[in-house]
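Undergrad: The structure is given below, and queries will be raised subsequently.
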Amino acid sequence: MKILERIEKLKKERRAVILAHNYQLSEVQDCADFVGDSLELSIKAADTDADVIVFCGVHFMAETAKILSPEKTVLLPDRDAGCPMADMITAKELRLLKAEHPQAKAICYVNTSAAVKAECDLCCTSANAVKMVDEVLKDAEEIIFVPDRNLAAFVAGKTGREMVVWQGCCPVHDAITAAQIKNARLLHPKAVVMVHPECRPEVTALADATLSTGGMSRYAQETDMGEIIVGTDTGMIHKLQKENPDKTFLPLSEAFICADMKRTTLDKVLSSLENMTYSIEVPEEISVRARTGIERMLTASR
Ligand code: 13P
Ligand code: SF4
């Protein structure tokens, strides 16, 4: 039996659903029941009636799914698929920062560990960070934003809110330069440029649109422009091209690749369903506290 047939058969036997992030390898995206951004995947994980969620993404995403659906089995096909940005702040570091700002409300990007989420009042993704700060935290005297300094700068620019910001970043998005955007525009003067809010402020300032990966998917479908430069992980191009076969998508850089997102292969998806590996567990005490901020976010986003 071919690998895709074996995955399909096991999926039915286990009553499993396969969720994949937009940066996953093309063949992994194609075997998934749903492909989306962090927010869309969290909503799917919270709403699914499957018994098992195979999460093709990175650790914090599977952990978020487990927090939202603690009664389900959540599997991460590669146990080492992590997010370097999420590792840039610990719960202890955040507790120290909060102690320095006792009046502040703390908001964390979803790219954080469950233990960090447990210390926060609210969670956000790149799709809703502006709305969370502008609306949900509108009455907060002071705001602590962790861990992405670039997303924080984007939110501050849109909302006019000054925030206490942790100096973390995504090493992949932070490496993109303004010169690369200028160069791409010279080479493709008719193209629109979209980038992710994890890019540096001098990069987002030069883009036509700064969007979550789910936002990029919608923007690409709505724009009349036929040529689009994509300033995020190149895995995104697969979905964009599939949804818009008549448009041309150009990666801002071929080197724009999140290695952790590419750890998941079809073999690992199969093995995950065969052996029920690797099951994500979150201690009850952390899970309960982390869920509050995630659910607040989902309620405000729906
Ligand atoms: P999105 O939620 O926009 O898909 O972003 C996730 C991520 O990790 C981007 O680097
Ligand atoms: Fe983390 Fe960056 Fe990879 Fe997203 S692209 S998972 S933020 S390292």
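Every number in this text was worked out from the coordinates using simple rules, so none of it is lab data. A quick note: this is a predicted structure, and the numbers were derived from the prediction, not measured. Positions of Cβ are backbone-derived with ideal geometry, glycine not excepted, and every protein chain shown enters the neighbour counts.
Undergrad: So LEU25 ticks every box in (1) more than 17 Å from ALA290 (Cβ to Cβ); (2) crowded, with 24+ Cβ neighbours inside 10 Å; (3) of a type in the set (A, V, I, L, M); (4) within 16 Å of ligand 1 (Cβ to nearest atom) but one. Which box is left unticked?
TA: (2)
Undergrad: Among the residues of segment 251-261, is any of a type in the set (S, T, N, Q) and more than 16 Å from ligand 1 (Cβ to nearest atom)? Write out each step before concluding.
TA: Pass one, segment 251-261, residues of a type in the set (S, T, N, Q): 253.
Right, trim to more than 16 Å from ligand 1 (Cβ to nearest atom) and you get none.
No: segment 251-261 contains no residue that is of a type in the set (S, T, N, Q) and more than 16 Å from ligand 1 (Cβ to nearest atom).
Undergrad: Looking at SER271, SER287, can you tell me which residue is over 21 Å from ASP37 (Cα atoms) and in contact with a Ser or Thr (Cβ under 8 Å, 6 or more places away or on another chain)?
TA: Matching residue, one of SER271, SER287: SER271.
Undergrad: Quick check on segment 249-259. Is at least one of its residues buried (at least 21 other Cβ atoms within 10 Å of the Cβ) and part of a helix (DSSP H, G or I)?
TA: No, segment 249-259 contains no residue that is buried (at least 21 other Cβ atoms within 10 Å of the Cβ) and part of a helix (DSSP H, G or I).
Undergrad: Answer with yes or no whether ILE89 is within 16 Å of ligand 1 (Cβ to nearest atom), closer than 27 Å to LEU211 by Cα and surrounded by 21 or more Cβ atoms within 10 Å (Cβ to Cβ).
TA: In short, yes.
Undergrad: Determine whether ALA207 is part of a helix (DSSP H, G or I), more than 18 Å from ASN128 (Cβ to Cβ) and in contact (Cβ under 8 Å) with a residue 24 or more places away in the chain.
TA: No; evaluated as a whole, the condition is false for this residue.
Undergrad: Check ILE181, ILE176 and return the single one that is crowded, with 21+ Cβ neighbours inside 10 Å and more than 16 Å from ligand 1 (Cβ to nearest atom). Walk me through it before giving the result.
TA: On the way: ILE176 fails: more than 16 Å from ligand 1 (Cβ to nearest atom).
Matching residue, one of ILE181, ILE176: ILE181.
Undergrad: Next question, about the same structure. Do you know which of the residues in segment 176-221 that are of a type in the set (S, T, N, Q) and farther than 17 Å from ILE237 by Cα is farthest from ligand 2 (Cβ to nearest atom)?
TA: My answer is ASN183.
Undergrad: Pull up segment 223-248, narrow it to residues that are within 16 Å of ligand 2 (Cβ to nearest atom) and part of a strand (DSSP E or B), then point me to the one that is surrounded by the fewest Cβ atoms within 10 Å (Cβ to Cβ).
TA: The residue in question is VAL230.
Undergrad: I'm trying to understand the selection: among the residues of segment 89-120, which are more than 22 Å from the chain's Cα centre (by Cα) and among the hydrophobic types (A, V, I, L, M, F, W, C)?
TA: LEU96, LEU97, ALA99, ALA104
Undergrad: Still on this model: When you check LEU19 against the structure, is it aliphatic (A, V, I, L, M), under 11 Å from the mean Cα position of the chain (by Cα) and within 16 Å of ligand 2 (Cβ to nearest atom), yes or no?
TA: no
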